[in-house]
Each structure stands twice: as structure tokens, then as C-alpha cells.
1. Can you give me the relative contact order of region 30-172 as a percent, contacts being Cα pairs under 8 Å and 6 or more apart?
2. Given Cβ point charges of +1 (Lys, Arg) and -1 (Asp, Glu) and nothing else, what value in debye, to the nearest 20, does the dipole of the chain about its Cα centre take?
3. Per residue Cα convex hull volume for region 30-172, in cubic angstrom?
4. Given Gln105, Ser165, Ser129, which one lies farthest toward the positive end of the charge dipole of region 30-172, if we put +1 on the Cβ of every Lys and Arg and -1 on the Cβ of every Asp and Glu?
5. Calculate the spin-label point distance for Ser50 paired with Ala118, positioning each point 7 Å from the Cα along the beta-carbon direction, and give it in nanometres.
6. In whole Å, what is the distance between the alpha-carbon centres of region 23-94 and region 117-138?
7. Just subtract the alpha-carbon distance of Leu30 and Ser65 from 0.36 nm times their residue separation and send over the number in nm, one decimal.
8. Going through the DSSP H helices of the chain, which span 18 Å or more along their own axis at the Cα atoms while scoring at least 1.6 as a mean Kyte-Doolittle hydropathy?
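Computed from the coordinates by the stated procedures, all read-outs in this text should not be read as laboratory data. Remember, predicted model here, so these are calculated numbers, not experimental data. As a convention, Cβ positions derive from the backbone with ideal geometry for all residues, glycine included, and neighbour counts pool all protein chains shown.
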Amino acid sequence: MTRPVLLGGRRPLQSRSAVTWFLLVWLPVLLALAVIARESTNGFSSENTSAWMRKGYEAIFGAASDEHWPVVHHHIRKTGHFLGYGSLCLALLRGWMLTWVVPLQSLSTARWRGYCVAMAIFCTMLTASFDEVHQSFLPSRTGLVTDVWLDTAGAATLVMLVSISWLRKSKTD
């Protein structure tokens, strides 16, 4: 018996209708994109996130000095980029794997996974690029190429961790 796609196998997702199938497959991606779009507004600029992030940070780790807070805040925001876009990439990977499980069934599992991984990382990089271009038009935001690199690194890292789990599972099968 083959494993389901979400565990790296080749069994397609069954659904009664095309709309239900589309929602089951792509809704996580649409939700992730909606979160990114919301976070790309003036409301999530560095100036607007500092106060509430500081409260959360200090509730968990204790007081942060005024001298060190800007550095801590910067690292929290960049960690959010890394993990947020990494999560988007995993949602995209899931979407592409479920979409291409049947059309690419003639390919080996490794090649099929490779296409899905490449498309997920490419779509994540494209989203990050559009996000930074959008932010460059907002007075309280800055569009940085380095953020695109960071976002893409987050995507590649999380996908690499999933790929390692696939390799481990294939060795135990």
C-alpha cells in the first residue's frame, strides 16, 4: 500500500467535487498568502510592532533594556520572515504534490518530489519578491532584496528538513 502524498507517497487525495478538492489542496496556501498580505501593510511596520512584540518578549524572557531592544526586535522580525515564508513553502509543497500526483505519475518518486520542491521554492521566492516590491511603495516600509534571500532561505531550509524525513522513511521501507 502506498503512503499518502503528505507523507511523501504517491496516493492521491480523494474528493467528491473539483471545488472541494481545490479547497482541500490550496486553502492552506491561500491562508498563508493572506497572512503575508496583511503583514505587508503599514500596520506591521517596525514602528507599529515594537511595542506589542516587546510586551510579549518581556512576558516570556524578562525585561529587555532600551539599548538592546532594537536588536532583539530586529531578530524577532527576521525570524518571522524565515519561519513565515518557510511555512508558506511547506503549504506550497503540499499543494504541488497533491496537484501533480496523478499528472506526473509516470515519473519516479524522486523526480516527482524534485519538481514539487522546485516549484514550491520558486513560488515562495516569487511571493517574497512581490511582497518586497509592494513594501517599497509604502512610506513606513522598506523593500529589501536581503529579505527575499532570507525568505527563500527559510523556504529551502524547511523543505530540506522534509526531504531528510523522506530519505529516512525510504530507508526504513
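1. On the way: 125 pairs, mean separation 45.9, N = 143.
Relative contact order here is 32 percent.
2. Details: 16 positive and 10 negative charges, 221 e Å.
Dipole size: approximately 1060 debye.
3. Taking only Cα atoms, region 30-172 has a hull volume of 130 Å³ per residue.
4. Going by the Cα projections, it comes out as Gln105.
5. For Ala118 paired with Ser50, the spin-label model returns 4.5 nm.
6. Cα centroid of region 23-94 versus Cα centroid of region 117-138: 16 Å apart.
7. Contour length minus Cα-Cα distance gives 8.7 nm.
8. Working: long enough: 18-39 (31 Å, 1.91); 46-61 (21 Å, -0.69); 69-100 (46 Å, 0.30); 109-136 (40 Å, 0.33); 145-172 (41 Å, 0.61).
What comes out of the filter, once short or polar helices are dropped, is 18-39.
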